[in-house]
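Encoded as structure tokens, the structure appears first; notes follow it.
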Amino acid sequence: MLENLFHPDRIAVVGASRHKGKTGHEIFDNLNHSFEGVVHPVNPKADEIEGRKAYSEIPEETDLAVISVPGKIVPDVMMQCAEKNVDAAIIISAGFSETGNEKREQKVLEIAEKNDIQLLGPNVLGLINTENLMNASFASKMPEEGEISFMSQSGAFCTAILDYAKAEHIGFRHFVSLGNKAMLDEIDLLEKWRNDETDVILSYTEGIDNGRNFIEEAEKTSRRKPTVMVKSGRTDKGSSAASSHTGSIAGSYQAYKAAFRKSGIIEAESNRELLDFGRAFDYQPLPEGDRVAVITNAGGPGVITTDEITERGLKLAGFSEESKQELESSMPEETTVHNPLDLIGDAGHERYAEALETLGKDESIDSIMILLTPQANTEIEKTAKTIAKEAEKIDKPIMACFIGEQEVQKGIEILEENSIPDFEDPKDAVKVLKRMNSYREFLETEYCYRDIEYNEQKATKALDEMKGYKDAEKLFSAYNFNLALTEVPEAPLPAVEAARNVGYPVVLKVDSPDIRHKTDIGAVKTGLENKEEVKDAFNKIIKNVHIEASESTVNGVQVQEQLDGLEVALGMKRGPQFGPMVMVGLGGIYIEVFHDVSFGIAPIPEKEAERMIEELESHEIFDGKRGKHHDLEPVKDAIIRLGELALNHEEITEIDLNPAILRNGIR
């Protein structure tokens, strides 16, 4: 796939320049000094460039054209590519949709599609393939060869990652700037790298256009190799406020977060994390569980690491009896054999070797963290070599933290040269281990989608006639939601009769499609015990609506049985990237105060519904750790049903069920 883009035999650099500093010169210079194939400079104003004959037009049998000319003439160059049967093109040039010139970009795309030209760009840094030493970019550095492939929507982010990687000797297989993504995008590269020799995929994205296809391709890829992404634009400060609880909380970033979880994407929050996660997944095997052993030569860092392990939801491993006996016989008397294992300050490389050898074969340990602080008698380089040697015998992830700067630098270099990732702070290493454990859990999880039975005719009729609560009630009953007893009278005396039918105590709330936050304007009254209270509440609600929302349509006042139980918020918002997104959280007023919610992209498999609940900071309230135990099956069922409802009815843009009451079921 994309063979002539990544493995061309002949490249033409259109816009190659004789003048250093020009983009066209830097691209040609990069290729001319490294590429294993043939490179032709194309410049009608030059006879030769860097000793190579310059062509006035693209030569015959060109596989790849790298285009660096003013944006206004790019369509003409693309027509020339079509005439010369060029298979692939990289458009470095800017001046397209990023500057508001969508028509020019569309014209270039139409030429590429009509003539089967694989198109990368426009507005890109370029493409680097270390397999054939092809640096078809204006980046100043060629990364070392490795098994990581990287793509970025931002060219500037590419250059920053290249600089980090060069300093830390992190190798790459492919390095791609996506730019405006007129044709090729993340989906195409995920498919390619899923099926080639790439071991780990890294990505920076600002936005994804075809979200449903992305989730499908990303999950296929994540099932085969780890994929790590940074998503920029995680706040919605610039977006307009949505009308419902769900809409106001369900911003763009929440959608991406839900999509990443569903597809197994590992999310990084910065370029530093992206590289940390990438090299850890590349260098080390996945842990078989969440039990971590810590080896240190100082108590303080061991305590910090222990705290972080616990806070991240990992476990401090217990040593086996055999390991304890071996350590007690080999460690000095001052060492207490427990986790974290403090080798004390005078530990030399041999003590690290003994500890690592013993714990490396302990089956009650899934991963090992090694901490070192530079003390007067610390053998930094010898210890690094010892760790590298012992690690070859251990089939568990090993993370190192040589804490410091100048004194530990040579030791860090030895570790990295031997594929032992080192981290500046133990917290960073623990975060990586957490991500590796989460990825392992994803691989072990098979998504099971439940068949939801519903009355299609009843649901369609309810939507066609939708005016107020009673029609919404018909829609949800068509999907077998358990609803509170409700009547919608239009006057005080019928409201009293409705309360008698429903059964005291009751709740009254205005029935209006225009009023979202009813409590804010005094349009909700709870705990009504008799007919006087019902009549009084009805009149107050109508009066408040006339004062606060006089333009609103009012269908009546809902008289509803008052239910006691845990208040849960459920909702759905149809997003532009990934379609319907289901929300769950602690309900009532708490949703606005704490915004403790979790999202999932429909359809929702059972395991994902569980994870949505577990992701909540308030999940301990749900599972009974802080009081009464609540059966979570009704919540899971409601999440799954809501997702199915949203998928079946595309005309619904938002749903807000708050509060739903969890007791024997959810209502």
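Scanning the range 162-179 for residues that are part of a loop (DSSP other than H, G, I, E, B) and closer than 16 Å to residue 412 by Cβ yields 169, 170. Tell me which residues, restricted to the range 290-317, are out of contact with any strand residue (DSSP E or B) (no Cβ under 8 Å at 6 or more places or on another chain), not charged (D, E, K, R) and not in a helix (DSSP H, G or I). Result: 313, single match. Of all the residues in the range 298-354, those that are within 18 Å of residue 399 (Cβ to Cβ) and of a type in the set (Ser, Thr, Tyr) number 4. Could you tell me how many of the residues in the range 144-160 are over 18 Å from residue 24 (Cβ atoms) and surrounded by fewer than 24 Cβ atoms within 10 Å (Cβ to Cβ)? The number of residues fulfilling the criteria is 9. Considering every residue within the range 395-402, establish whether at least one is within 20 Å of residue 343 (Cα to Cα) and either modelled with pLDDT under 95 or in a helix (DSSP H, G or I) (or both). No - not one qualifying residue is present in the range 395-402. Among residues of the range 258-288 being of a type outside the set (A, V, I, L, M, F, W, C) and without any contact (Cβ under 8 Å) to a residue 60 or more places away in the chain, the one that is surrounded by the fewest Cβ atoms within 10 Å (Cβ to Cβ) is 270.
Just name the residue that is surrounded by the most Cβ atoms within 10 Å (Cβ to Cβ) out of those in the range 403-433 that are among the β-branched types (Val, Ile, Thr), touching a strand residue (DSSP E or B) at 6+ places or on another chain (Cβ under 7 Å) and not in a loop (DSSP other than H, G, I, E, B). So the residue we want is 432. Summed over the range 90-143, the residues that are surrounded by fewer than 23 Cβ atoms within 10 Å (Cβ to Cβ) and among the hydroxyl-bearing types (Ser, Thr, Tyr) give a count of 4.
Residues that are in contact with a Leu (Cβ under 9 Å, 6 or more places away or on another chain) and under 25 Å from residue 361 (Cβ atoms) within the range 397-428 comprise 397, 398, 399, 400, 401, 402, 411, 421, 422, 426, listed in sequence order. In the range 415-442, the residues that are on the phi > 0 side of the Ramachandran plot reach residues that are aromatic (Phe, Trp, Tyr) with C-beta atoms within less than 8 angstrom, at least six apart or across chains, in these pairs: 419/283. Looking only at residues in the range 320-376 that are among the β-branched types (Val, Ile, Thr) and part of a strand (DSSP E or B), which one is nearest to residue 290 (Cα to Cα)? Checked the range 320-376; the qualifying residue nearest to residue 290 (Cα to Cα) is 368. For the range 390-402, indicate whether the set of residues that are over 32 Å from the mean Cα position of the chain (by Cα) and among the hydrophobic types (A, V, I, L, M, F, W, C) is non-empty. No, the range 390-402 has no match at all.
The values are calculated or read from the model by the stated rules, or taken from the named source; none is laboratory data. Predicted model, so just to flag it, every value in this text is computed and none were measured. Neighbour counts are summed over all protein chains in view; Cβ atoms, including those assigned to glycine, are modelled from backbone coordinates with ideal geometry.
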